[in-house]
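The values are calculated or read from the model by the stated rules, or taken from the named source; none is laboratory data. Just so it is clear, the model here is predicted, and its values are computed rather than measured. Every residue, glycine among them, receives a Cβ derived from its backbone with ideal geometry; neighbour counts consider all protein chains shown. Side chains included, ligands, DNA and RNA excluded: accessible areas come from the protein's heavy atoms. Shrake-Rupley method; radii C 1.70, N 1.55, O 1.52, S 1.80 Å.
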Amino acid sequence: MNRIFISLTIILVIIFPSVIFPQSAPITIDAIFDDWTSNLTTVSDAPESISGVDLLEMQVSNDEYFLFIRIKTNIEFDLLDNLMPQGICLYFDTDNNENTGLHLNAGYGAELAIKFNERYADYYVNPNSKVTFSDFSFRASPTITSDEFEIAIKRDAVPDGIHPLFSSSTIKILLINEENNDSLPNGGTVFKYTFDETPVQAFTPTNIVKEDTNNIRILVYNTLADGLTKSARLPHFENIITVLNPDIIGFSESRNTDAQKVKVLLDDWLPIDNSDGWFVHKKIDGDLITASRWEIVQDWNTLSRQFPTLIDLPETYHTDLLFTNAHLKCCSGDILRQEEVDEYIAFILDAKSEGGIITLPNETPFVYGGDLNLVGYAQQLSTLLTGNIQNTSTYGEGGQPDWDNTDVTAPICIQTDKRMDYTWRYDNSSYPPGKLDFIIYSDAVMNAQKSFVLQTEVMPQHRLQLYGLNQNNTGIASDHFPVVTDFSINASDGILHQKMLKHSIYPNPASTKINISFNNAGRHLITITDLYGRNVFSDEMLSKQSSIDIKILTAGVYFITIIAEDGSKENHKLIKL
């Protein structure tokens with residue numbers, strides 16, 4: 001009886017969505033689901049006593065370019081592989097005609113059938129054909145196991161090159177797990193969605209230029225089969241790296257690339273006003289090359305597929321920086337990847353304590369980044385963030401890795417010109433684009449001021465001209481895109497910056513208003529940025545105590561920068577409830 005009631009409710013929501021709320025929404029495909037609000041078209045099912053993956057909820061939305069789907073299940077699984085048994089398929093009746101396409105449940109005639117773990121789709125038009133994910137610009141996140149996924153499909157796709165995918169403004173959608181015959185919606189219910197042409201909030205592109213020269217820009221970049229040795233690709237690398245203008249670079253997939261050759265390239269592309277030029281070290285018997293504007297005073301070659309280096313930052317930072325360049329085991333190598341991240345966490349915990357193979361001064365900032373190949377179990381990312389070692393007999397009990405004994409952070413990182421988080425794309429692969437490259441950092445002593453992925457192929461012409469980029473730069477250079485984060489350093493003489501702040505912000509966390517008390521009177525410039533590096537508030541304040549209304553900000557983490565008349569600057573983290 002309860003299921004009948006749920007199904008009837010679904011029909012009402014699907015038939016009349018636009019009467020209640022707009023169904024278009026600015027969805028970002030980034031495995032962060034807070035943009036999927038409760039007012040969007042939704043079909044739900046109560047948990048059932050079945051084996052395997054139980055389909056619980058599906059939501060649908062769109063913008064001008066994409067149809068968006070969110071799937072929620074009872075357990076974590078791998079959407080695009082069969083790590084645990086699942087036969088989840090997504091069917092679309094794209095012409096809203098049950099008499100065309102593949103006949104399924106009553107009311108459905110599917111033109112498109114996506115078979116996730118087989119990584120292809122059947123296109124049931126005349127003639128029927130098998131099509132690839134790239135044929136209809138299929139995008140999905142995350143690439144690791146989860147109980148929640150979000151998907152995007154191009155609205156103007158022509159999968160077979162002849163027949164447009166969406167020939168009707170109203171479509172029907174059916175989700176089936178063929179492993180246990182669970183479906184969403186359940187049999188007898190038709191799930192309809194009508195594209196909503198209500199304009200969504202325009203996407204704000206990221207300014208590629210580093211806005212504060214005191215920030216440290218770190219770039220991680222898989223060069224694809226020694227790309228820095230390929231003469232046809234070198235001009236594209238040069239253009240990209242020159243525009244990004246990083247301070248520290250982690251190159252991977254550079255096994256046959258000579259470190260001295262990389263130094264010559266960087267000294268030519270980004271000359272440094274000193275007698276040494278760029279400092280470049282390569283992991284012994286590996287594919288990892290780390291380059292820095294500042295001296296690399298020590299490196300460690302003992303970790304598998306990971307290359308820690310200690311970088312001597314200028315005196316103004318009052319600290320060194322530990323940067324670990326990584327290229328973890330690819331593809332189905334979950335066991336080896338877990339071993340590798342366990343080994344790294346053991347290394348970091350050793351660095352935080354006296355003795356062992358490494359001892360860092362208290363609160364030395366550390367960053368970990370590169371092509372992490374996270375395409376299997378989510379535990380590997382969880383270990384990197386939380387320090388939860390799996391092989392404790394070899395690597396110890398683990399522990400929270402940051403200096404304040406908390407988790408470390410992977411900043412939100414999406415493309416500069418698109419609401420997508422993927423960092424790898426190869427359209428001839430059966431896999432769709434995915435997020436494989438990460439930057440992770442110790443947020444107790446440093447802040448990520450801006451983080452982004454650069455894909456020139458999706459940038460409009462005026463943006464390319466603004467930065468001097470070419471449309472095909474990133475696509476020719478590599479199948480991975482450059483990933484960038486700008487960091488400010490909070491550590492000062494081994495004391496957590498948060499413990500010696502001159503100004504105070506309270507309450508924090510806060511939901512409606514924050515108060516700022518300045519240590520001294522005078523003019524102060526206040527700037528608040530979100531995790532994407534976008535300014536959400538900026539103003540000058542003269543009184544010794546001021547308030548800021550934050551009700552309009554969405555819940556999440558923000559960074560407050562206070563610049564006094566004398567040029568001194570402080571960074572604070574704000575949690576908006």
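Answer yes or no as to whether PHE251 is in contact with a strand residue (DSSP E or B) (Cβ under 7 Å, 6 or more places away or on another chain), touching a residue at least 12 places away in the same chain (Cβ under 8 Å) and farther than 27 Å from ASN490 by Cβ. Don't jump to the end; show me each part of the working.
Working: in contact with a strand residue (DSSP E or B) (Cβ under 7 Å, 6 or more places away or on another chain): yes; touching a residue at least 12 places away in the same chain (Cβ under 8 Å): yes; farther than 27 Å from ASN490 by Cβ: yes.
Answer is yes for this residue.
Filtered by the rule that a residue be in contact with a Phe, Trp or Tyr (Cβ under 8 Å, 6 or more places away or on another chain), closer than 23 Å to ASP421 by Cβ, of a type in the set (A, V, I, L, M, F, W, C) and not in a loop (DSSP other than H, G, I, E, B), segment 529-574 gives a lone residue, VAL536.
When segment 73-89 is examined, which residues are found to be outside any loop (DSSP other than H, G, I, E, B) and surrounded by fewer than 18 Cβ atoms within 10 Å (Cβ to Cβ)? Within segment 73-89, ASN74, ILE75, GLU76 qualify.
Can you name every residue in segment 240-271 that is in a loop (DSSP other than H, G, I, E, B), out of contact with any Gly (no Cβ under 9 Å at 6 or more places or on another chain) and within 24 Å of SER451 (Cα to Cα)? Please lay out each step first, then the result.
To start, the set of residues in segment 240-271 that are in a loop (DSSP other than H, G, I, E, B) comprises 245-247, 253-258, 270-271.
Then keep just the ones that are out of contact with any Gly (no Cβ under 9 Å at 6 or more places or on another chain); that gives 245-247, 256, 258, 270.
Of everything in segment 240-271, those that are in a loop (DSSP other than H, G, I, E, B), out of contact with any Gly (no Cβ under 9 Å at 6 or more places or on another chain) and within 24 Å of SER451 (Cα to Cα) turn out to be ASN245, PRO246, ASP247, LEU270.
Evaluated against (1) modelled with pLDDT of 95 or more; (2) out of contact with any helix residue (DSSP H, G or I) (no Cβ under 6 Å at 6 or more places or on another chain), SER517 falls short on exactly one condition, (1).
Just to be sure I understand, how many residues within segment 444-469 are hydrophobic (A, V, I, L, M, F, W, C) and not in a loop (DSSP other than H, G, I, E, B)?
Taking segment 444-469 first, the residues hydrophobic (A, V, I, L, M, F, W, C) are 444-446, 448, 452-454, 458-459, 464, 466, 469.
Cutting the leftovers down to not in a loop (DSSP other than H, G, I, E, B) gives us 446, 448, 452-453, 458, 464, 466.
Final tally of qualifying residues: 7.
Looking across segment 110-141, the residues that are out of contact with any Gly (no Cβ under 8 Å at 6 or more places or on another chain), part of a loop (DSSP other than H, G, I, E, B) and buried (at least 18 other Cβ atoms within 10 Å of the Cβ) come down to SER137, PHE138. Number of residues in segment 307-332 that are open to solvent by 10 Å² or more (accessible area, probe 1.4 Å) and in contact with a helix residue (DSSP H, G or I) (Cβ under 9 Å, 6 or more places away or on another chain): the value is 2. If you filter segment 563-577 down to residues that are open to solvent by 20 Å² or more (accessible area, probe 1.4 Å) and of a type in the set (A, V, I, L, M, F, W, C), you find that the one that is farthest from SER538 (Cα to Cα) is LEU577. For SER393, the criteria (1) assigned to a loop (DSSP other than H, G, I, E, B); (2) surrounded by fewer than 18 Cβ atoms within 10 Å (Cβ to Cβ) hold in every case but one, which is (1). For segment 158-169, the set of residues classified as surrounded by fewer than 22 Cβ atoms within 10 Å (Cβ to Cβ) and among the aliphatic types (A, V, I, L, M) consists of VAL158, ILE162, listed by residue number.
Inside segment 118-173, residues that are without any contact (Cβ under 8 Å) to a residue 24 or more places away in the chain, touching a Leu at 6+ places or on another chain (Cβ under 8 Å) and closer than 25 Å to ARG419 by Cα make up a count of 2. If you go through segment 520-541 and keep only what is at pLDDT 80 or above and small (Gly, Ala, Ser), you end up with GLY522, SER538.
For segment 287-331: of the residues being of a type in the set (Ser, Thr, Tyr) and part of a strand (DSSP E or B), which is nearest to LEU436 (Cα to Cα)?
Checking each candidate, the answer is THR324.
Tell me whether segment 542-551 contains one or more residues that are modelled with pLDDT under 90 and under 30 Å from TYR221 (Cα atoms). Taking every residue of segment 542-551 in turn, none turns out to be modelled with pLDDT under 90 and under 30 Å from TYR221 (Cα atoms). Taking the criterion of being touching a strand residue (DSSP E or B) at 6+ places or on another chain (Cβ under 7 Å) and part of a loop (DSSP other than H, G, I, E, B), the residues of segment 53-64 that qualify are VAL53, ASP54, ASP63. Contact annotation: residue pairs with Cβ atoms under 6 Å, 6 or more positions apart or on different chains, pairing a residue in segment 506-521 that is within 10 Å of SER546 (Cα to Cα) with a partner that is of a type outside the set (A, V, I, L, M, F, W, C) and open to solvent by 70 Å² or more (accessible area, probe 1.4 Å), are ASN515/TYR506; SER517/GLN545; PHE518/LYS544. Scanning segment 38-53 for residues being surrounded by fewer than 20 Cβ atoms within 10 Å (Cβ to Cβ) and under 16 Å from ASN177 (Cβ atoms) gives a total of 8.
So which residues in segment 90-109 are part of a strand (DSSP E or B) and either within 10 Å of ILE171 (Cα to Cα) or open to solvent by less than 40 Å² (accessible area, probe 1.4 Å) (or both), if there are any at all? Of everything in segment 90-109, those that are part of a strand (DSSP E or B) and either within 10 Å of ILE171 (Cα to Cα) or open to solvent by less than 40 Å² (accessible area, probe 1.4 Å) (or both) turn out to be LEU90, TYR91, PHE92, ASP93, GLY109.
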